[in-house]
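All remarks here apply to the structure that follows.
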Amino acid sequence: MRKVKPVRKLGRTAAHRKATLSNLSTQLLVYKRIETTEAKAKETRRVVEKIITKARKGTVHAQREIFKDIRDKQAIRILFEEIVAKVGSRNGGYTRVIKLAPRFGDAAKMAVIELVDYQEAPATQQKAAKQDRAKRVKGSKKTSEAPAATTAAE
């Protein structure tokens, strides 16, 4: 009988999946907030939560264990100096996944994953900004045609 394993394979081989999650984790630690697909965000959350829990120990051994997964010295430094200082008293739940509208090109489910204590702008403002940008893009086609016609006439 087939047993369902609790891991999302993300359509990748094991090595590619490990590299993808490592890169997403690194970017999340550096930028505190990233936008990706919902499945990748949920898998990245599993990885980052474990990394931050290890980092709370603050030992050299913990640094070496984490460096196996995240091969970026800047991200490790940010993790141990800034992030652990902010989440030191928290017992888990260091990240949050906020679902967004589907991606325009292929309708993939999108989400924002962010570190909880680094909330700079609410997701509602981000959605509004994207809608405003979409309106500007639609309006720019009409305005770009008009100056082109006047320059051709001259």
Q: Give a residue-ordered list of calculated ³J(HN,Hα) values for the stretch 80-92 (Karplus: 6.51 cos²θ - 1.76 cosθ + 1.60, θ = phi - 60°; whole Hz; x for Gly, Pro).
A: 6, 8, 9, 5, 5, 5, 7, 9, x, 8, 7, 8, x
Q: Grab the beta carbon distance between TYR31 and LYS99, set R0 = 22 Å, and tell me the FRET efficiency rounded to 0.05.
A: 0.70
Q. In the structure shown, do any of LYS18/LYS40; LYS32/LYS73; LYS3/LYS54 have a Cα-Cα gap over 21 Å, and if so which?
A. LYS3/LYS54
Q: Counting other beta carbons within 10 Å of each Cβ, put VAL7, VAL48, VAL112, VAL30 in order, fewest first.
A: VAL7, VAL30, VAL112, VAL48
Q: Determine the dipole magnitude for the stretch 14-117: charges of +1 sit on the beta-carbon of Lys and Arg, -1 on that of Asp and Glu, nothing else is charged, the reference point is the Cα centre, and the result goes in debye to the nearest 20.
A: 260 debye
Q | Surrounding net charge for ALA111, when Lys and Arg each add one and Asp and Glu each subtract one, Cβ distance under 9 Å | A | +2
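Could you sort out which of LYS50/LYS109; LYS42/LYS86; LYS5/LYS86 sit more than 31 Å apart by Cα distance in this structure?
Among LYS50/LYS109; LYS42/LYS86; LYS5/LYS86, the Cα-Cα distance tops 31 Å for LYS5/LYS86.
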(Q) So if each residue of separation counts as 0.36 nm, and I subtract the Cα-Cα distance between ARG90 and ARG64, what length gain in nm does that give? (A) 7.1 nm
Q. Put a dot 7 Å past each Cα toward the Cβ at ALA19 and ARG46; how far apart are the dots in nm?
A. 2.1 nm
Q | In nm, spacing of pseudo-spin labels at LYS57 and LYS5 (7 Å Cα→C-beta vector) | A | 2.5 nm
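Bear in mind these aren't lab numbers, they're just calculated from the coordinates by the rules spelled out. Just so you know, these numbers come straight off a predicted model, no measurement behind them. Cβ sites come from the backbone with ideal geometry, for glycine too, and all protein chains shown count toward neighbours.
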